[in-house]
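S.K.: Please find one structure pasted underneath; my questions will follow.
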Amino acid sequence: MIRQNILANIIARGCGVISVYLFVPLYLKFLGIEGYGLVGFYSTLLAVLAFADVGFTATINREMARFTVRRDSAAEMRDLLRTYESAYLCTSSVLAVIIWALAPAIAGHWLRSTVLRPHEMAAAIRLMGVAIAFQLPSGLYIGGLMGLQRQVRANSVQTAWGVFRGLGAVLVLWLFSPTIFAFALWQMISNAIYCLAARLSLWRALPSSPGQSQPHFRWQVFRNTWRYAAGMAGMAVVSTLLTQTDKLAVSKMLSLEMLGYYTLAGTLASVPLMLASPIASAVFPRLTGLVASEDSNGLTRLYHRTCALVAVATIPAGMTVALFAGDLIRVWTGSAIIAQRAGLVASLLLGGQLLQAISVVPFYVALAHGNVTLNLQINIASVLLITPLLIFLIIKYGIVGAGFSWLIINLCTLPPYIYFLHRRFLPGELQKWVLRDVLRPLLAALPIILLARLFFPVPSSRLLILGLIGLVWSMSAAAAACTIPELRVELIEKTEKLFGVSHGI
């Protein structure tokens, strides 16, 4: 089941990555760099307003996973979902009204544009607010499907939506109106369809019981889950401050054009988390089950296997993209100017995101134990550190300073976070995590990537550049995989099968 869920998550995330990286150059072509900057502001606004989730998505994921190991829990599952979705509907409606009212002030006093007029931006922001109000509840339904381990279904819905939203936006911009208003209108329509599809999928996935009654809104659900949900909500608020402060600061302190370059760099820098999240999400319900059954040996084995798999997936990819970021952006966008202005920023952001990616599985272990205090403490300390540093570096170095601040804060906070997490939840396993799960893949992949960067001339052809980067990525990933015994055996077996070789010959 775990292998199937991981594969489904990776395929879905891969389709999402392909669609994102395929459509971004077209957005740039139709909207321009300032219009794309406003798209980046929409993404930031969506992430900032994720605090409205108040921990519901994480809680429903965990509670559904816990209910699946119990019998006769169908009615509780349905009441849980009805209670949470009712509360979410109220919250999303309020957010849409607030953004609608504040849109003129945001367009006139927060964002700075030399191309887009304030009334154009205000109209687009209003539609974006409604689009956000539809998208936020969708996460609740997808979280419920993940908790039920219906990850193939969840990924199918997400993949279909990603392609529909991206392709539809390009067609609208191409055939009807190449404006930010048209883009925002399509986001609203596609998000509404996504929300309805995700809701229908979750309700159909819930188990039924003989003679079951209609689901009801129950205050008891909040009383049973409020501690975990409140902790997750607090962590979401602090995490949002941590991860979105740089984008908010860039949008306020610099021009919309610079925000466009920073958004582009941030999109490229999301590669490590895009690879780590599907693996961790697939394993989380199983981690929760092992914690609930107090199977410490099973938890430890699954933890190390998953951490090693995440390291093999993210370290070669993240380091390759970081060292070839400028070249990759030129291939991606076809613009040497964009590559020059966003390349270094992307490399710095990738360094920080790679550190985040290797801590995803430890993060989920804490959540499986129902504990959010450590994550909350680390994030609060990070916010206090990053805010003055971020402002200083943006004033001095612009968007490069913003990227550098993200790398610094992750370098400072990862070691204490990993140390205290292992001491509390996995005592005695820290050394194995460092030496076996992370350091061995790193030492295997790093020399290949560095040698390629230093001694291989970068071709002038965009296709050859992409081929070189793909080759370096593949070689470094294979070297990293060979350091993990389980992956090494599987790699050898598949190679032998490919070439028709067997041990008996």
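Here, each number is a calculation from the coordinates, and none is a lab measurement. Computed from a prediction, not measured in an experiment: that's the story for all the values here. Reconstructed Cβ throughout: ideal geometry from the backbone, glycine too, with neighbour counts over all protein chains shown.
S.K.: 7 Å from Cα along Cα→Cβ at both Arg453 and Leu389: what's the point-to-point distance in nm?
M.R.: 2.0 nm
S.K.: Hey, what do the phi angles of segment 128-143 turn into as Karplus ³J(HN,Hα) couplings, whole Hz, using 6.51/-1.76/1.60 and θ = phi - 60°, x for Gly and Pro?
M.R.: Karplus-based 3J(HN,Hα) across segment 128-143 equals 4, x, 5, 4, 5, 4, 7, 6, 4, x, 4, x, 4, 5, 5, x Hz.
S.K.: Give the longest segment of the chain that steers clear of chymotrypsin sites (Phe, Trp or Tyr not before Pro) in DSSP loops with at most 11 neighbouring Cβ atoms within 10 Å, not counting the sites themselves.
M.R.: On the way: sites that count: Phe176, Phe499.
Answer - 177-498.
S.K.: How far apart, in nm, are two points set 7 Å out from the Cα along the Cα-to-Cβ line at Leu466 and at Leu171?
M.R.: It works out to 2.3 nm between the two label points.
S.K.: As a test of the formula, what do you get for the chain when each DSSP H run with n ≥ 4 contributes -39,500 (n - 2.57) and the sum is divided by the residue count, at 222 nm and rounded to the nearest 500 deg cm²/dmol? Present the calculation step by step, with values, prior to reporting the outcome.
M.R.: Details: 18 runs with 414 residues, N = 505.
Dividing the helical sum by the residues of the chain leaves -29000 deg cm²/dmol.
S.K.: Ile380 to Phe181: extension gain in nm, 0.36 nm per residue of separation minus the Cα-Cα distance? If you can, show how the numbers build up before the last one.
M.R.: On the way: separation 199, 0.36 × 199 = 71.64 nm, distance 3.67 nm.
Between Ile380 and Phe181, full extension yields 68.0 nm more.
S.K.: Related question: Kindly write out, for segment 378-390 in residue order, the coupling ³J(HN,Hα) from the Karplus curve 6.51 cos²θ - 1.76 cosθ + 1.60 (θ = phi - 60°), rounded to whole Hz, with x marking Gly and Pro.
M.R.: 5, 5, 5, 4, 5, 4, 4, 7, 6, 4, x, 5, 4
S.K.: Still on this structure: How high is the FRET efficiency from Lys29 to Ser474, r the C-beta distance, R0 25 Å, rounded to 0.05?
M.R.: Values: r = 30 Å, r/R0 = 1.21.
Approximately 0.25, to the nearest 0.05.
S.K.: Where the only charges are on Cβ atoms (+1 Lys, Arg; -1 Asp, Glu), what is the dipole of segment 226-498 about its Cα centre, to the nearest 20 debye?
M.R.: Numbers: 19 positive and 11 negative charges, 41 e Å.
With Lys and Arg at +1 and Asp and Glu at -1, about 200 debye.
S.K.: Could you list the residues of segment 79-105 with an amide nitrogen less than 19 Å from a label point located 7 Å from the Cα of Ala192 in the Cα-to-C-beta direction?
M.R.: 89-101
S.K.: How much FRET efficiency would the formula 1/(1 + (r/R0)^6) give for Ala75 and Leu200, where r is the Cβ-Cβ distance and R0 is 25 Å, rounded to 0.05? Mind showing how you got there, number by number?
M.R.: Details: r = 20 Å, r/R0 = 0.80.
The calculated FRET efficiency here is 0.80.
S.K.: Using each residue's phi in segment 317-325, evaluate 6.51 cos²θ - 1.76 cosθ + 1.60 at θ = phi - 60° and report the 3J(HN,Hα) Karplus result to the nearest Hz, with x for Gly and Pro.
M.R.: Once θ is set to phi - 60°, the couplings for segment 317-325 become 5, x, 6, 5, 5, 5, 6, 10, 4 Hz.
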